[in-house]
Amino acid sequence: MTALPVLYSFRRCPYAMRARLALAVSGQVCELREVVLKSKPQGLLQASPKGTVPVLVLPSSQVLEQSLDIMLWALRQHDPEGWLTPSHGSLEDMLALIAECDGPFKQALDRCKYPSRYPDADMGAEHAQAVAWLGALEARLSPHQPYLFGTNAALADMAIAPFVRQFAGIDADWWTAQPWPRLQALLAQWQASPLFGQVMPKLPAWVDGTQGVPFPHGTVMSG
């Protein structure tokens, strides 16, 4: 039997979520091992001593420890929906916007979501920074460009959506009151999509020495 890639993941982690999205849309069947980050299994730590998710271990023993690297690897195997080739802009343009998400926006998001972890942070400034960035996303969207880089969902939409979702979840009433109808609609559409449902099944925690479950959900592991 051909060995399958092994994905260490945590359902609610936005980094792991974006990796699962790309693996699913590209049809890359793997063995999913759902981990509990408060009790990290040895298998995860042996694969990646830093102990964060997602981690993808390829059959060649190569280890991908960054969510964006996993997305790019999967889509370079097969990209049926053209996530790497948006109708407007380039892959480099998308990577630049994703870097803004993963840098300044993620920093502000963490401080707004977990204020007790950052007692010295200026919460007002952090919240304002996050709001400004989300407002800039809204400004990118229009009836003629319903996605961040054109007329179809692409890498940037899928890499950024999990973090927008996390920010929206801090205060749902506040989120719905914001003047961002297109961004709100884009997030709602994404959360209602079959792909989102496919990558969000609730799974028991993986235990060292056992086999994970086939992913995408509903596939059969042949390896």
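Could you please find all residues in the range 4-63 being under 25 Å from Asp157 (Cβ atoms) and small (Gly, Ala, Ser)?
Answer for the range 4-63, where residues must be under 25 Å from Asp157 (Cβ atoms) and small (Gly, Ala, Ser): Ser9, Ala16, Ala19, Ala22, Ala24, Ser26, Gly27.
Inside the range 1-35, can you point out the residues that are in contact (Cβ under 8 Å) with a residue 60 or more places away in the chain, in a loop (DSSP other than H, G, I, E, B) and surrounded by fewer than 22 Cβ atoms within 10 Å (Cβ to Cβ)?
Met1, Thr2, Ala3, Leu4, Arg11, Gly27, Val29
Any idea which residue in the range 48-87 is nearest to Ser26 (Cα to Cα), counting only those that are open to solvent by less than 30 Å² (accessible area, probe 1.4 Å) and among the hydroxyl-bearing types (Ser, Thr, Tyr)?
The selected residue is Ser67.
Taking the options Ala153, Ala161, name whichever one is closer than 24 Å to Leu75 by Cα and not in a helix (DSSP H, G or I). If you could, list the steps in order and put the result at the bottom.
Working: Ala161 fails: not in a helix (DSSP H, G or I).
Ala153 is the lone residue from the list that is closer than 24 Å to Leu75 by Cα and not in a helix (DSSP H, G or I).
Condition first: within 19 Å of Ala3 (Cα to Cα) and either in a loop (DSSP other than H, G, I, E, B) or open to solvent by less than 30 Å² (accessible area, probe 1.4 Å) (or both). Now tell me which residues in the range 36-47 satisfy that. Working first, answer last.
Step one: list which residues in the range 36-47 are within 19 Å of Ala3 (Cα to Cα), which gives 43-44, 46-47.
Within the range 36-47, Gly43, Leu44, Ala47 qualify.
Given the conditions (1) assigned to a helix (DSSP H, G or I); (2) open to solvent by 50 Å² or more (accessible area, probe 1.4 Å), report the number of the one that Pro179 does not fulfil.
Only one criterion is unmet by Pro179, namely (1).
Return the residues of the range 88-114 that are exposed (fewer than 13 other Cβ atoms within 10 Å of the Cβ) and more than 18 Å from the chain's Cα centre (by Cα); say none if nothing qualifies.
The answer is Ser90, Glu92, Tyr114.
How many residues does the range 192-213 hold that are surrounded by 11 or more Cβ atoms within 10 Å (Cβ to Cβ) and closer than 27 Å to Pro80 by Cβ?
Summing the residues that are surrounded by 11 or more Cβ atoms within 10 Å (Cβ to Cβ) and closer than 27 Å to Pro80 by Cβ in the range 192-213 gives 11.
The values are calculated or read from the model by the stated rules, or taken from the named source; none is laboratory data. These numbers come from a predicted model, not from an experiment. So basically every Cβ, Gly included, is an ideal-geometry build from the backbone, and we count neighbours across all protein chains shown. Protein only, heavy atoms only, side chains kept; ligands, DNA and RNA dropped before computing areas. Shrake-Rupley method; radii C 1.70, N 1.55, O 1.52, S 1.80 Å.
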